[in-house]
Amino acid sequence: MNIPKEIIITEVCPRDGFQSLPEIISTEDKIEIINQLMNCGYSQIEVTSFVHPKAIPQLKDASEVLNGINRRKDVKLRALVPNLKGLERAMEAGVDKVKLMLSATDSHSLSNANRKTFDAMKEFEPLVTRAQHSSIIVSGSISVIFGCPYEGDVPIERISEICKRYIDLGIYDISLADTTGMANPVKVKRIVGQIRDLYPELKFSMHLHNTRGMAFANAVAGFEEGITDFDSSVAGLGGCPYAPNASGNIASEDIIHGFEEMGVQTGIDLDKVILIGKALQERFPVYSNSFILKAGKCSDLHLAPKCQEKIG
């Protein structure tokens, strides 16, 4: 198989990783962590979400965080926005790209956005129109696309209709999110393969959670279907507040290490990411979920044990 030689990984810990933590992280600490992440080689970092402070108190300092970090021209800053007001705040803070929040099923959408899926999409129209008069890039998302905790499997016809409506809005960059870790490699290959055949003009990325330990296998399955853009969270922190038992994203150090062991480059300094991950793991041990932080890299060799010669 003629596989790509490199992939893009977007770091989402400052948004998805922090949003579900019970301990409020200070603005200063968030700024320091983002500054460290920007020196790891990422081309894009999802720094926050411009939601109402009552919805996610952890991210109420979104503007302050963006005003405080040391920006780099080679690192794009992305944020989630739920509505036009969120977009305006993101634009004022100087975000490069925003991602819209959308659920594949009505049940998850009602719990997440208090409206059904296609009603939520209608509210994107003024937001997209406003963004057209700026330099900001708008991307879309489809949460629980590989399985909804309330409705189960999502019909391909519904996924197709969501993609069609995104195109009608002028949005061609869509994140496919396994929000509750219900995907498996066979399902990923089937769904990704079908929608890429239906909509070759769309650029898809994957946002994977490791709820059931399948995230890296699912990433490889998506990669084999042509996906080269993935989200991850250092130390494996994260989880959707509106999805039952949703654990963290695939750990950045795990996906970086896994793909680079396969000969696929990420452009990210794994050792720097591991150092940040260890610090976060020490601070939030209950919420960290990372194989590399436990086992180390494959290249971390050990001294062989000394064995006594058998006598007689």
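The values are calculated or read from the model by the stated rules, or taken from the named source; none is laboratory data. Predicted, not measured: the structure shown is a model, and the values here were computed from it. Backbone-built Cβ (ideal geometry, glycine too); neighbour counts: all protein chains shown. Please note that ligands, DNA and RNA were not included when accessible areas were found on the heavy atoms of the full protein model with its side chains. Shrake-Rupley method; radii C 1.70, N 1.55, O 1.52, S 1.80 Å.
Summary of computed values
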| item | result |
| --- | --- |
| Flag if Ile3 is touching a residue at least 12 places away in the same chain (Cβ under 8 Å) and open to solvent by 40 Å² or more (accessible area, probe 1.4 Å) | yes |
| Some residue of segment 4-12 being in contact with a helix residue (DSSP H, G or I) (Cβ under 7 Å, 6 or more places away or on another chain), acidic (Asp, Glu), assigned to a strand (DSSP E or B) and within 26 Å of Val128 (Cα to Cα) | yes |
| Residue check for Glu201: crowded, with 18+ Cβ neighbours inside 10 Å, more than 15 Å from the chain's Cα centre (by Cα) and modelled with pLDDT of 95 or more | no |
| Check on Gly239, of a type outside the set (Asp, Glu), at pLDDT below 95 and either open to solvent by 30 Å² or more (accessible area, probe 1.4 Å) or not in a helix (DSSP H, G or I) (or both) | yes |
| Number of positions in segment 208-222 that are open to solvent by 10 Å² or more (accessible area, probe 1.4 Å) and of a type outside the set (A, V, I, L, M) | 5 |
| Top-ranked residue in segment 129-143 [being more than 11 Å from Leu169 (Cα to Cα) and crowded, with 18+ Cβ neighbours inside 10 Å; ranked as farthest from the chain's Cα centre (by Cα)] | Ala131 |
| Inter-residue pairs, beta-carbon under 6 Å, first of a type in the set (Asp, Glu) and in a loop (DSSP other than H, G, I, E, B) and in segment 211-232, second surrounded by 19 or more Cβ atoms within 10 Å (Cβ to Cβ) and modelled with pLDDT of 95 or more, 6+ apart | Glu225/Val192 |
| Meets criteria (assigned to a loop (DSSP other than H, G, I, E, B), surrounded by fewer than 17 Cβ atoms within 10 Å (Cβ to Cβ), at pLDDT 95 or above and basic (Lys, Arg)) for Lys297 | yes |
